[in-house]
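Read through the structure below, which is laid out as structure tokens, and then see the notes.
The values are calculated or read from the model by the stated rules, or taken from the named source; none is laboratory data. Keep in mind that this is a model prediction, so the values were computed, not measured. Cβ: placed from backbone, ideal geometry, glycine included. Neighbour counts: every protein chain shown.
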Amino acid sequence: MKRLRNSLTLAALAFAAPIAAQPLELRPTNAGYQPKDAVEQGLWLEMDEAEQQMRASKFLIEDPELNAYVKGVLCRAVGTEKCGAARIYLMRTPQFNAAMAPNGMMLVWSGLLLRARNEAELAAVLGHEFVHFEQQHSLKSFHDIKAKSNAMTWLGFVPGGMLAQIGLMGSVFRFNREMEKQADIAALDYLSASGYDPTAPSKIWEQLLGEMEVQAKANKSGVVAQEASDFFSSHPNTRDRMEYLRAAAQRKAPSSDDGAGRYRAAIARWWPRLIDDQVKLNDFAATEFLLDGLARGSWTADLLYARGELYRARGKEGDLAKAEGFYRQSLTKDPALAESWRSLGMLLLRQGKSDEGRKMLRRYLDIAPVAGDRPMIEAMAREPQK
């Protein structure tokens, strides 16, 4: 959950389609804040230009229902009067991330939607980013970096100034870590006040830490990304973060409302695409851990479908048989899950089980009569000429 500074803006622009330049007006924040000087005005204009390009990005998820749902979660978390200042852009990017610019633009990556197990976990992340915006952390960090970079430039001309430069650089990152913790605790306050399960923030970090550990082990690096307590890290140690959020949650009124059912229903139509994007990352171990964490011992039809996709994509010895079993289990739990019929049918064709495979594909077309891939599937499901 990184704050949107210049580096992230440039990364975001790399995903955006070019558009014609248009005159821009400065947007006030929820508190009516306006840039104070020429430097801030330049930052604001850059953010507004980035926002225009986000609207034209080919990665933008323009599903009105999904966008309305995510905005509704934010509004419940921080209040309807405040949430109107946020303009949310859902981006089809499979990594876990969210960020909010000082002008009110919030980016939510689809990898977050896949990894959140319920509405409360999504609310925790959205609330965290909103606190950064509300408390103007990006601006404070921007001015802090600017002031200290000027000091470091001056120290470059002073004999022996290198140690002082390192100290100033460390203070920049420490400043950011402190704001991250402030945002964590303030977001937890919001979450608890809105009636959500206060343990959600620590749980999502626990899940992410586990995923990073599995990924590090699979890569044989032994180094967990963002986990080392680094002098130049801009975020708190992940394990520390999980633990102080868990301790803080114990001081809040307990609630069992995590909105898991509402959340699953809201992302159901996007689930196959979220899984497809994740599988294409070619990170088998981390994806298997992710799916197991989402299931928590209860493998639903959509999770079994996802597991089938994972094993089918890897395709090692025995994987296709396992994938077939997962698809069949999925259909036992939910015969109306069209994606499982399609994937099972295509897998059976791949294994030479043509008659049964075509039958499965025809079943898919019955359940999804307006499927976008209908012409291709019809051709594959057609009986061969005798």
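Surrounded by fewer than 16 Cβ atoms within 10 Å (Cβ to Cβ) and modelled with pLDDT of 95 or more: which single residue out of ASP197, ASP240, ASP189, ASP230 fits that description? Give the steps one after another, and end with the answer.
Details: ASP197 fails: surrounded by fewer than 16 Cβ atoms within 10 Å (Cβ to Cβ); ASP240 fails: modelled with pLDDT of 95 or more; ASP230 fails: modelled with pLDDT of 95 or more.
From the options ASP197, ASP240, ASP189, ASP230, the qualifying one is ASP189.
Identify all residues within region 276-326 that are surrounded by fewer than 15 Cβ atoms within 10 Å (Cβ to Cβ) and closer than 19 Å to LEU113 by Cβ; write none if there are none.
ASP276, LYS280, LEU281, ARG296
Please enumerate the residues belonging to region 34-74 that are in contact with a helix residue (DSSP H, G or I) (Cβ under 6 Å, 6 or more places away or on another chain) and over 19 Å from ALA101 (Cβ atoms).
Selection gives TYR69, VAL73.
Within region 235-252, track down each residue that is within 20 Å of the chain's Cα centre (by Cα) and of a type in the set (Lys, Arg). Before you say what the answer is, go through the steps one by one.
Here is the first cut: in region 235-252, the residues within 20 Å of the chain's Cα centre (by Cα) are 235-239, 241-242, 245.
If the condition is that a residue be within 20 Å of the chain's Cα centre (by Cα) and of a type in the set (Lys, Arg), then ARG239, ARG241 are the ones that fit.
Taking region 322-377, which residues are outside any helix (DSSP H, G or I) and among the aliphatic types (A, V, I, L, M)?
Once the filter is applied, which keeps residues that are outside any helix (DSSP H, G or I) and among the aliphatic types (A, V, I, L, M), region 322-377 yields ALA336, LEU337, ALA368, VAL370, ALA371.
Which ones in region 245-258 are surrounded by fewer than 16 Cβ atoms within 10 Å (Cβ to Cβ) and part of a helix (DSSP H, G or I)?
Scanning region 245-258 gives a single hit, ALA247.
Residues LEU310, LEU365: which one is closer than 22 Å to ASN282 by Cα and among the aliphatic types (A, V, I, L, M)?
Details: LEU365 fails: closer than 22 Å to ASN282 by Cα.
Only one candidate passes the filter, namely LEU310.
Only one of LEU45, LEU26 is assigned by TED's automatic domain parsing to the domain that holds LEU208, modelled with pLDDT under 75 and over 15 Å from the mean Cα position of the chain (by Cα); which? Break it down into steps so the answer makes sense when it comes.
Working: LEU45 fails: modelled with pLDDT under 75.
Step by step, each of LEU45, LEU26 is checked, and only LEU26 is assigned by TED's automatic domain parsing to the domain that holds LEU208, modelled with pLDDT under 75 and over 15 Å from the mean Cα position of the chain (by Cα).
Quick check, is LEU349 of a type in the set (A, V, I, L, M), under 15 Å from ALA301 (Cβ atoms) and assigned by TED's automatic domain parsing to the domain that holds TRP299? I'd like the intermediate steps shown before the answer.
On the way: of a type in the set (A, V, I, L, M): yes; under 15 Å from ALA301 (Cβ atoms): no; assigned by TED's automatic domain parsing to the domain that holds TRP299: yes.
Here the answer is no, as LEU349 does not meet what is asked.
Being without any contact (Cβ under 8 Å) to a residue 24 or more places away in the chain and in a helix (DSSP H, G or I) is the filter; apply it to region 35-55 and report the residue that is nearest to GLY111 (Cα to Cα). Give the steps one after another, and end with the answer.
If we filter region 35-55 for residues that are without any contact (Cβ under 8 Å) to a residue 24 or more places away in the chain, which is where we start, we get 35-38, 41-42, 45.
Then drop every residue that is not in a helix (DSSP H, G or I), which leaves 38, 41-42, 45.
Values: ALA38: 36, GLN41: 32, GLY42: 31, LEU45: 28 Å.
Filtering first and then ranking leaves LEU45.
Residues being touching a residue at least 40 places away in the same chain (Cβ under 8 Å), assigned by TED's automatic domain parsing to the domain that holds PRO335 and outside any helix (DSSP H, G or I): count how many of those fall in region 259-295.
3
Please find, within region 66-78, the residue that is farthest from ALA266 (Cα to Cα) out of those that are touching a residue at least 12 places away in the same chain (Cβ under 8 Å) and over 18 Å from the mean Cα position of the chain (by Cα).
Narrowing region 66-78 to residues touching a residue at least 12 places away in the same chain (Cβ under 8 Å): 66-67, 69-71, 73-74, 76-78.
When the remaining residues are screened for being over 18 Å from the mean Cα position of the chain (by Cα), the result is 76, 78.
Details: ARG76: 16, VAL78: 20 Å.
So, considering only residues that are touching a residue at least 12 places away in the same chain (Cβ under 8 Å) and over 18 Å from the mean Cα position of the chain (by Cα), the one farthest from ALA266 (Cα to Cα) is VAL78.
Give the number of residues within region 363-386 that are basic (Lys, Arg) and over 35 Å from the mean Cα position of the chain (by Cα). Break it down into steps so the answer makes sense when it comes.
The first filter runs over region 363-386 and keeps only residues basic (Lys, Arg), leaving 363, 374, 382, 386.
The next check asks that each one be over 35 Å from the mean Cα position of the chain (by Cα); those that pass are 382, 386.
The number of residues fulfilling the criteria is 2.
Can you list the helices (runs of 4 or more DSSP H) found entirely within region 56-116 that contain at least 3 residues being closer than 24 Å to ARG273 by Cβ, of a type outside the set (A, V, I, L, M, F, W, C) and modelled with pLDDT of 95 or more?
64-78, 110-115
Does GLN207 count as polar (S, T, N, Q), at pLDDT 85 or above and closer than 23 Å to VAL125 by Cβ? Reasoning before the result, please.
On the way: polar (S, T, N, Q): yes; at pLDDT 85 or above: yes; closer than 23 Å to VAL125 by Cβ: yes.
Judged against the criteria, GLN207 is a match.
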